[in-house]
1. Of all residues in region 432-464, count the ones that are assigned to a strand (DSSP E or B), of a type outside the set (A, V, I, L, M, F, W, C) and surrounded by 24 or more Cβ atoms within 10 Å (Cβ to Cβ).
2. Scan region 340-358 and report the pairs whose first residue is within 10 Å of V533 (Cα to Cα) and whose second residue is of a type outside the set (A, V, I, L, M, F, W, C), with Cβ atoms within less than 6 Å and a gap of 6+ or a chain change.
3. So which of I344, I400 ends up being in contact with a Ser or Thr (Cβ under 9 Å, 6 or more places away or on another chain), part of a helix (DSSP H, G or I), modelled with pLDDT of 95 or more and aliphatic (A, V, I, L, M)?
4. Any residue that is within 27 Å of E382 (Cβ to Cβ), surrounded by fewer than 24 Cβ atoms within 10 Å (Cβ to Cβ) and touching a residue at least 24 places away in the same chain (Cβ under 8 Å) - is there at least one of those in region 466-486?
5. Here is a list of conditions, (1) buried (at least 21 other Cβ atoms within 10 Å of the Cβ); (2) among the charged types (D, E, K, R); (3) not in a helix (DSSP H, G or I), and E288 meets all of them except one; can you say which number that is?
6. Among the numbered criteria (1) surrounded by fewer than 24 Cβ atoms within 10 Å (Cβ to Cβ); (2) under 16 Å from L499 (Cβ atoms), which one does E600 miss?
7. Let me confirm something: among L553, L563, which residue is of a type in the set (A, V, I, L, M), surrounded by fewer than 22 Cβ atoms within 10 Å (Cβ to Cβ) and touching a Leu at 6+ places or on another chain (Cβ under 8 Å)?
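The values are calculated or read from the model by the stated rules, or taken from the named source; none is laboratory data. All values reported here derive from a predicted model rather than from experimental measurement. Note: ideal-geometry Cβ built from the backbone for every residue, glycine included; neighbour counts use all protein chains shown.
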Amino acid sequence: MKHKFVTLLFLMFILLLGCTTAPMETSAPPQGTESVVDTPTPEEAAPLKESPAPETTSPRQTKTETPSAGDPIKFENLPFDEFLEESWFSIMRRDPELLTELGLSETFGVGNDQLTDISEPYRLDTYALYAHILEVLQTYERAALIPEQQLNYDIYAYYLEDTLRGQEFLRYDYPITHFITGVQYQLINFFSDIHPIRSQQDAEDYITRLSQVDTKFEQVIDNMKLSEESGVITPRFILQWSMGDIRNMANASATSTVFYTTLSEKLAALSTMSSQEKNELLAAAEAEIENTVIPAYGKLAAYLSDLEKRAPTEAGVWQFPNGEAYYTYRVQHYTTTELTPEEIHQMGLDDLARIQAEMRLIFDLLGYPTDETLTQLFNRIETEGGTLYGREVVEGYEAIIADAKVRAAQVLDLQPKADVIVIPGASGGYYIGPAVDGSRPGAFYAAVSGAEPRYGMASLAYHEAVPGHHTQIALALEMDLPSFRRGSLFTAYVEGWALYAEKLMAETGVYATDPYGDLGRLQYEAFRAARLVADTGIHTQGWTFDQAVDFMLENTGMDKGMLQFEVARYIAWPAQALAYKMGMNKIVELRARAEEQLGEQFDLRQFHNLILGSGAVPLDILEQIMEDYIAEVGS
């Protein structure tokens, strides 16, 4: 049987280019400035087997048939296309939380009652599965495959080999951070936004999962102890910023926690259950939170408080044993290139010089002084460009996206069938993809809780919606590709296209009478370029937190509080932020090469067909696809 499913718009789309973040506090909540579309490797998100539920006579306990670490998985001697599906199925099935997020638990024969195991033994078993799949893949004679299968072979091999290279650095991740990568925030998000409550069974599964929170945090503590044995400890200030929310949960009453209020609110919306049934479930949840969840947070807080005394004050991974090799791996993993940190650092400096020269031309046209900082200049832009509030923000984005669809049709042949809508919320600046079955459109979330400066709105909408993330992601879901290629395995491609989309819209003349909007685009691009310098500076050159913040502030003119959070993100998530600009630069480079070599034969629409029609691929493979196209057209 061929399993067709979606690989995902993984973890959550947070951090998107251009959205605003609140200033960092002593314990900062998970926030960001760009939606991340990224598939973690086992050392980051650990696709693992479920933790066994505690033995109890509670009616909420359910049993799930999920594969154990030792279950034999046989997909040898399958036709190549079927092997791709079956082997990817075996990887996905080992992560019950992810399957719940995708709505595929029933399809995969895995219940919604288990949390994902993140213990080191199972993570090692997961790596063993990857190694086995790679061995089987290599038994297929690539030369005997048709061209499309050869491309699938190359992409799958790249993904598997890249993942396996990360096994050496299994203990280098930071399980607890102030950011969305922190297990404590992922857990809250999972219970509040991911686990469905559509029936009594769903509610019972929810409570069963609550009973496993202590096991989850015990695994976190065990992993951090193993990391410490290997000489890796999360930087002290990351622990300090993470502690406040953990302590607050440890000292909370059960009924005041998000774990309880989420269940209460979702049960209240169900009309298929009696009040007595709902009350019994809430009582069971309250007891589980009181006896399991809150003590688990307390134990975690106590451990982190002790660990903080031994934690380093330096920011970069250079300080750890083999830290240079670790960062090199992370750079290659996220950029899908062989470029060195030094080359990327210089690329960022070069990009900043070009972008700031373009900014200066527009500042001069506006008559702005030459002796003001970028922060002062962009304060002028914000004031003169105007702001929107509340419903005006939604209407503004809807108008921008409607116009973008018309403009995109001028330069793109491929357009998704799925629509994209604007949804207001307290926070925004990110995109969630459409349902595969067409039941839900793509959604761009717009923040309506405060003022929204006009000058950055267009660029953000182009990045997140059309012709950026929505166009690319929705198309990939609709294309006839193997399951592993329909998701977002390669951040540099996905984010690179979205950033390129901002530039592409500028080429259609959208800013001809809007210098403020064009400066918004350039500020966002400068932000991505500055990341190349700051991230590599922190992790290879010994930059301090303050040094990186000052550099970002001087070269982007953005809010200092937001930049403090961003720099902390680069420290907690090494090299991930490099993917955006590196991806854009590669697409721009490939286009320039095609234009130069093909001359009048160059077709911009066909170029975009190749980029979008490939789905998410490593940049080096994308370059080979383009080289083959140039050779074919040129001949």
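1. Narrowing region 432-464 to residues assigned to a strand (DSSP E or B): 432, 442-447, 452-453.
Among the residues that remain, those that are also of a type outside the set (A, V, I, L, M, F, W, C) are: 442, 445, 452-453.
With surrounded by 24 or more Cβ atoms within 10 Å (Cβ to Cβ) added as a condition, the list becomes 442, 452.
So the count comes out to 2.
2. Here the result reads P341/T536; P341/T540; I344/T536; H345/T536; L352/N555, each pair linking region 340-358 to a residue that is of a type outside the set (A, V, I, L, M, F, W, C).
3. Working: I400 fails: in contact with a Ser or Thr (Cβ under 9 Å, 6 or more places away or on another chain).
Exactly one residue qualifies, and that residue is I344.
4. Residues of region 466-486 within 27 Å of E382 (Cβ to Cβ): 466-470.
With surrounded by fewer than 24 Cβ atoms within 10 Å (Cβ to Cβ) added as a condition, the list becomes none.
So far as region 466-486 goes, no, none of its residues is within 27 Å of E382 (Cβ to Cβ), surrounded by fewer than 24 Cβ atoms within 10 Å (Cβ to Cβ) and touching a residue at least 24 places away in the same chain (Cβ under 8 Å).
5. Among (1) buried (at least 21 other Cβ atoms within 10 Å of the Cβ); (2) among the charged types (D, E, K, R); (3) not in a helix (DSSP H, G or I), the lone unmet condition for E288 is (3).
6. Every listed condition holds for E600 apart from (2).
7. On the way: L563 fails: surrounded by fewer than 22 Cβ atoms within 10 Å (Cβ to Cβ).
L553 is the lone residue from the list that is of a type in the set (A, V, I, L, M), surrounded by fewer than 22 Cβ atoms within 10 Å (Cβ to Cβ) and touching a Leu at 6+ places or on another chain (Cβ under 8 Å).
Every residue, every condition in (1) in a loop (DSSP other than H, G, I, E, B); (2) at pLDDT below 80, yes or no:
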site	(1), (2)
T57	yes, yes
S68	yes, yes
L84	no, no
R94	yes, no
